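The values are calculated or read from the model by the stated rules, or taken from the named source; none is laboratory data. Being a predicted model, the structure only gives us computed values, none of them experimental. Neighbour counts are summed over all protein chains in view; Cβ atoms, including those assigned to glycine, are modelled from backbone coordinates with ideal geometry.
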């Protein structure tokens, strides 16, 4: 075996070993199926009423369904911290991020997610979180390759998104919308699990129209939406769920498309017929 081949083999072996250690160290907390056997904790309800605006404005009946979905998510998914503590608030914020965009589809349980990792800060391409690191500008990501099935979120940015106030940014919703988009095999801004194929062309035209407005400075949609169609969907969805009234007033056409896609009208917090 040549020296180059030995070196490549060593690198692969090191990466695999590191991954095994990573899995052994990080997966400290198992899922919690026992949660499904208990009433919804009053502590959880209090946190959600204070911090999660979407839940607060649901009807009494819808609140019960939302709580059920929260427990289902927490019972089946691991939520772990990397160099940071994970509180009950954090777990609720992660679960809410997953449930909100799919609330109209109660059967969906994110089969492409095994674990959510919370980092103490934003991070760079090498997953470094130290404040001294340059280009530490990633707030969240959907894992691929050896991180397939993982979702990584900046804990402080997740907590800021669920502070009970109106926002146009929500890193948790952003990343879970990517996962919804990915369910058909492609992260392309067309979440086929939610929309009829015949609707795709009209949706792509709406994306193109709003992108032109962003480029001209005529839209308050975050310019990060210009990255590609997938990022446009995720960015617009943050806005749609976190400040629906504002979007409905300022981007009524885009709002109407998202109502159709998600089968929800968050401005009045009701589901639409699917």
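Observations on the model:
- The requirement of being touching a helix residue (DSSP H, G or I) at 6+ places or on another chain (Cβ under 9 Å) and surrounded by 15 or more Cβ atoms within 10 Å (Cβ to Cβ) is not satisfied by residue 223.
- Between 178, 169, the distinction of being part of a loop (DSSP other than H, G, I, E, B) and closer than 28 Å to residue 89 by Cα belongs to 169 only.
- Qualifying helices (runs of 4 or more DSSP H) (wholly inside region 35-110; at least 3 residues being under 20 Å from residue 181 (Cβ atoms) and within 16 Å of the chain's Cα centre (by Cα)): 88-99
- In region 164-196, residue surrounded by the fewest Cβ atoms within 10 Å (Cβ to Cβ) [restricted to those that are within 14 Å of residue 228 (Cβ to Cβ) and free of Cβ contacts under 8 Å to residues at least 60 places away in the same chain]: 186
- Looking only at residues in region 191-224 that are part of a loop (DSSP other than H, G, I, E, B) and within 18 Å of residue 241 (Cα to Cα), the one that is modelled with the lowest pLDDT is 195.
- Among the residues of region 101-114, those identified as over 13 Å from residue 194 (Cβ atoms) and touching a helix residue (DSSP H, G or I) at 6+ places or on another chain (Cβ under 8 Å) are 106, 109, 110, 112, 113.
- Some residue of region 232-253 being assigned to a loop (DSSP other than H, G, I, E, B) and either exposed (fewer than 14 other Cβ atoms within 10 Å of the Cβ) or touching a helix residue (DSSP H, G or I) at 6+ places or on another chain (Cβ under 8 Å) (or both): yes
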